[in-house]
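To start, the structure itself, in structure tokens.
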Amino acid sequence: MLKEQNQISEKFREKLENGAQLILHNDDFNTFDFVIDTLVKVCGHTDLQAEQLALLIHHKGKAIVKKGAYNVLLSMYHSLTLKNLTAELVC
């Protein structure tokens, strides 16, 4: 049982360190320019990356805008939601 718990803990730790995803959802309120500028400032994307993501979000309804460690993405998630963007952070 202890070995099984250690394996679960290890998988959970790995997921927290590497497997989190920051997802941005489409809305009818924010402009493309606002979303692009926010992705550049908050997520560190280039203008081209942010523009492509904004188009993908618009057409698909949502997109993964960043992958990485949960604790790093958590601050980005908070920044996006403070700017009234609909975001989701998943492990």
Q | Among residues of region 72-91, those that are surrounded by fewer than 17 Cβ atoms within 10 Å (Cβ to Cβ) and assigned to a helix (DSSP H, G or I), counted | A | 7
(Q) Is it the case, given these coordinates, that HIS58 is open to solvent by 80 Å² or more (accessible area, probe 1.4 Å) and touching a residue at least 12 places away in the same chain (Cβ under 8 Å)? (A) yes
Q | Subset of region 26-55 [outside any helix (DSSP H, G or I) and loosely packed, with under 14 Cβ neighbours inside 10 Å] | A | ASP27, ASP28, PHE29, THR31, GLY44, THR46
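The values are calculated or read from the model by the stated rules, or taken from the named source; none is laboratory data. Not measured: the values here are computed from a predicted model. We place every Cβ from the backbone using ideal geometry, glycine too, and count neighbours over all the protein chains shown. The area values use the complete protein model at the heavy-atom level, side chains included, leaving out ligands, DNA and RNA. Shrake-Rupley method; radii C 1.70, N 1.55, O 1.52, S 1.80 Å.
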